[in-house]
Structures are given as C-alpha cells and as structure tokens.
Amino acid sequence: LQTAQFIAKTSDNVPEGLTRHLQKALDIASGLDDYLEKMTTQESKPLAELYEKTISHDWEQVHKEGKTIFKLPKECITGHVEGQTLKMLIHMSQAKRVLEIGMFTGYGALSMAEGLPEDGCLVACELEPYLKDFAQPIFDKSPHGRKINVHTGPAMDTLKVSRGIREQFDMVFIDADKNNYINYYNFILDNNLLRLGGIICVDNSLFKAKVYLKDSTDDNALALREFNQFVCDDPRVEQVIIPLRDGISLIRRVSASKITDDEVFRGVKGRSILDRMRLDGKVAYVTGAGQGIGRAFAHALGEAGAKVAIIDADKDKAEAVTKELFLKGINAISITADISKPVDVQRMVDNIVSRWGAIHIGCNNAGINLNSASEDTSLEEWDQTFNVNLRGTFMCCQAAGRVMLKQGYGKIINTASMASLIVPHPQKQLSYNTSKAGVVKLTQTLGTEWIERGVCVNCISPGIVDTPLIHSESLRPLVQRWLSDIPAGRLAQVTDLQAAVVFLASDASDYMTGHNLVIEGGQSLW
Ligand SMILES: C[S@@+](CC[C@H](N)C(=O)[O-])C[C@H]1O[C@@H](n2cnc3c(N)ncnc32)[C@H](O)[C@@H]1O
C-alpha cells in the first residue's frame, strides 16, 4: 500500500478519490496491530522481561559463536497479542496438559502456562539447547514457570522417545519447522496424543498470504499450503484459520467413526460423561450453606453451572457465601430462613421460584448435633434436634418436591450421616443418630414414591468431617480415637463430598433414587 501510495504521489493525473482511498486503506491496515496491542490485556512482568531479553539479544553473534545451530531471527517470538490469545484458548478449553513444538525463548510457553491451573503442565520441545538455558531463569521468576518442562533436540525424536509425551494433551501448539508440520500433526493424531475435543493451534498458517497467492514458490509457504489443505480434508478434525498476525489455525479433534454409533460411543444426547455432570441452567438451593458442608456443596453446584440460593439461619453467613460465589462468576442469592419453621421453608421455596422460575436441585443440608448421655437426654434436646434434622428436612423435601413434581423434574439431596448406619463413639448423641436414621428412611420413601414422576431423592452420609467445631477443646481429645477407626487414616474434608453432590444433582444419576451415598473413608466398615 505504501508503494502504491508512493506511485500515486509521484504520478500525474491520479484522481483525488484514489489517493484518498489509498490513504484510508493504509490507515486501516497500519493501525490494526497497534490497536490490538493496546486493547489486549497487559502481559505479566516475567513475560515483558522475556520479550525485552529476546529482542535485545544478539542472535547473530550467538550463532557465530556456535552456541545455536541456526541463526534465529528475533521475530520468531510470538509476542504479546498472540501470547494472550494462546492463554485465552487455554482458559476457554480448560486445558491442563499442553504440548508446544518449537519454544524459541519461551514467550508462548510462559503465556500458556499462565493460563493453566496449578497442577497443569506444559511440555515444550525445542531444537536448540541454548534456548532452554536462555528461558529458564525467567521461567524461574514466574510462579507459573514450574509448570513448564523443556525437552531439547529435534521435536520428532522427542515425540517418539520421550515417555513424558506418551500421555494425552488437551492442547498442542505447533510453531517449529514448517515442512514438518504435517508430520507432527499426523504423529499426534495417529498416536492418540490429543484428547477428543482437544485443540491443535498452528502458527504462521497464512504465511504472509503466500499460502493463497498463486505465484508463491517459497518452500515453507508451499508446505503450509499443503498442510492447510490436508487438515481441511481430514475427517478427524474441524479447522478454522484466524487471520491474527501470520495466521493461527485452530484444529479441533472430533469423533468420526463409521464402526459404531450408539449412546455409549457418542454419549447420551451427544454429551460426554463429564458434560453429563454439568448443571448449566439448573436452579439449586442449599440449606445450611453459610458454612461447612453446605458452603462446599453450594460452591460445587455453582462451579458445575447451577444458579444457587444460599439458605442459612445466619443472615451474615448466607450473604458472605453468596458473595464468594458471585466472585467466581456464579449466579447466587441469599435467603435467611430457619428450616424448622414451616413459614420460612415455604417463603424460601416461593422466593426461589419467583426469582428463577423453577427449582431443579434441592440440597437439604441444615442440621444440628447436640450431645448428651441417653439417660439424660432431655425432650427439649430431642425435639430441637428432630425439628431441624428430620421435621425440617421433611418440610423442605415436601415444599421443594411439590414444585419439582409439577415440573416433572427434580433432584433432592439430603444430608444424612454415617451415624445413620453405625453408632459413632465415644460421643453420645442419641437424638442426632436417630434423626439421621430418619433422614435415610425419609429419603428412601420419597425416593421410591416420586421417581416415576421425575423426582429423584437421595442422601449423602458423611463420616466425621474436619470442621472448626472438631477442634474445640471438648472434641479435640476424641480426634485421635476417631482416627484409629478410619481406614483412610484421616477425617473427611468438606471437599471430599463435593463430587457426590454434583453427581446426584446431575442427569448422570437419573437412575438413582432412595440411595444413601456413604462417604466416610471406610469408617462404617471397621
Ligand atoms: C517460531 S519459533 C517458536 C516461537 C515460540 N513458539 C514462541 O512462543 O516465541 C520456532 C522455534 O522452533 C525451533 N525448531 C525448529 N525446528 C525444530 C525441530 N525440528 N524441533 C524442535 N524445535 C525446532 C526453532 O529452534 C525455534 O526456536
């Protein structure tokens, strides 16, 4: 465009309109990169340092000194916008394991590592050992650097011999020698190194337009042209090419089988087992969600995609948990209610229905635990315990159940206790144990009565859960005693119960009802 503009300027009789449009085309084209840079989230400090170190390094000199096999152009670096794009893709695909082929100084690797969860890992293959030493000190400065594992040598050899690479990846970034792209790609797919639904990103796939310009003779451009066509025709994948920088191909592995096509192969309604446990669009409530198990349940249901009403008798606690959920992008409301009071229970249900139009998941978790020797147990203690643990749970089941039966769909999950099965000791808690045994029978009865109308009722029986209460002075001496009764050798953490509540709340458990899911580290078996 600049050349065209120069020609126009130095020629006679160029129409004014042509000059104006040339200028406009130039403004549009030349402003793009700058604008993308400015509007893209700032890079982290270690990334900025890596960029500076790469750009200011004398690569020619390093090559002359024999430290690198090839003369490496600093323009190799992916840079800010592409780095953030890769990081975004990692987040969006929720990748945990990433393979990079062609690391250079590690800008792309570190950008992607920043998007990985704490236990994520990125395996980078790089031909030049010099580059590993170049990148490592900056990786070490970043809290994400430890996720990166660099293998030096020709990437094809690394892929073939390295055991660490035998596991599947969620995302692969190919950015090395262009004529080998097709070999990397085929090796990855032929050896099942990319999980189903995983993504291969390929850099430079437009190769400065040479892939579609008819007169291209450049070997790399021709290799990429052939590669793009090959991928486009490959039934194992879907492809889009994004015209960012020099072009990034996004290639997603899909299932293509002519051998078998049933629900086991394809997934129920086309959803994989993990997708079937998602709760997107569902409305849930959790009673006793202000702390402990209820709080963990509320987080779990929200993380799985549900909107969650946080119910607690303590207004401040309910609001605090609601805020936590909101911070994680989960839709949540708080309702203060004492579930031993019929009016509160009905108000809670009405409130949720008027706000969200339905109740799909009801977690009746609120409960109390009072201790006394049975011969001394007062009727007040008995009534107080039963009013919350059994009568309250029944009222919640009934009020939410009426809504669910009308909808023809619902999942009720009651919190029972291991105490419904065994008599935990040495603490004395007659009314608690009996009330929780009642919760199990309530669950079984409702579960069988309502399943045909689309409502499943199940319960979870946790063992002894490690809550602040347990560390009180009176209970602390009992902990050692309990531990000796638990095959798992530890108390339950509230997080040990989260997967169970999501499973029971999801469509994956549609055939389960009246079940008491015991999670106690084996304690009831000893
Ligand atoms: C375009 S650069 C990679 C840029 C890098 N992805 C980034 O984020 O900055 C290409 C890199 O691939 C490496 N490379 C070239 N051929 C290779 C091969 N056969 N095996 C492994 N790495 C190779 C080069 O040494 C170079 O560092």
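Here, each number is a calculation from the coordinates, and none is a lab measurement. Bear in mind the structure is a predicted one, so any value in this text is a computation, not a measurement. Here Cβ is always computed from backbone atoms with ideal geometry, including for glycine, and neighbour counts include all displayed protein chains.
Some values worked out for this structure:
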read-out: Dipole-positive endmost among 95, 117, 79 within region 47-145 (Cβ charges, Cα centre); value: 95
read-out: Proxy reagent accessibility, fewest Cβ within 10 Å first, across 205, 354; value: 354, 205
read-out: Pairwise label distance in nanometres, residue 33 with residue 182, each label 7 Å out on the Cα-Cβ vector; value: 3.0 nm
read-out: Förster radius 45 Å - calculated FRET efficiency between residue 276 and residue 11 (Cβ-Cβ, nearest 0.05); value: 0.10
read-out: DSSP-defined beta bridges in region 45-256 - what % are antiparallel, rounded to 5; value: 35 percent
read-out: Nearest 10 degrees, 0 to 90: helix 181-190 Cα axis against the chain principal axis; value: 30 degrees
read-out: Dipole of the chain, positive end: most advanced residue of 39, 298, 198 [Cβ charges, Cα centre]; value: 298
read-out: Point-charge dipole on Cβ atoms (K/R +1, D/E -1) for region 403-488, about Cα centre, debye to 20; value: 140 debye
read-out: Beta bridge orientation in the chain: antiparallel %, DSSP, nearest 5; value: 20 percent
read-out: Top positive-direction residue, dipole computed over region 330-486 with Cβ charges, set 367, 330, 345; value: 330
read-out: Antiparallel content of DSSP bridges confined to region 245-347, in %, to 5; value: 10 percent
read-out: Sparse-neighbour loop sites [GluC sites (Glu not before Pro); region 57-107; at most 10 other C-beta within 10 Å; DSSP]; value: 65
read-out: Between 0 and 90°, nearest 10: helix 430-450 axis offset from the chain longest Cα axis; value: 70 degrees
read-out: Cβ charges +1 (Lys, Arg) and -1 (Asp, Glu), total dipole of the chain, debye; value: 820 debye
read-out: Spatially proximal lysines relative to residue 9 (Cα-Cα < 20 Å; intrachain offsets below 8 disregarded); value: 24
read-out: Sparse-neighbourhood loop sites, chymotrypsin sites (Phe, Trp or Tyr not before Pro) in region 470-518 - DSSP loop, at most 10 other Cβ within 10 angstrom; value: 511
read-out: Inter-part distance where region 249-326 and region 143-213 are each reduced to a Cα centre, Å; value: 32 Å
read-out: Electrostatic dipole magnitude of region 45-256 [Cβ: Lys, Arg +1; Asp, Glu -1; Cα centre; debye, to 20]; value: 360 debye
read-out: Crossing angle, helix 342-356 versus the chain [Cα axis fit, 0-90 degrees, rounded to tens]; value: 20 degrees
read-out: In region 35-120, the chymotrypsin sites (Phe, Trp or Tyr not before Pro) that fall in loop regions by DSSP, at most 13 other Cβ within 10 Å; value: 70
read-out: Helical contribution to [θ] at 222 nm, DSSP H n ≥ 4, -39,500 (n - 2.57), averaged over the chain, rounded to 500; value: -13000 deg cm²/dmol
read-out: Sites residue 453 and residue 476, calculated FRET efficiency, Cβ-Cβ separation with R0 56 Å, nearest 0.05; value: 0.75
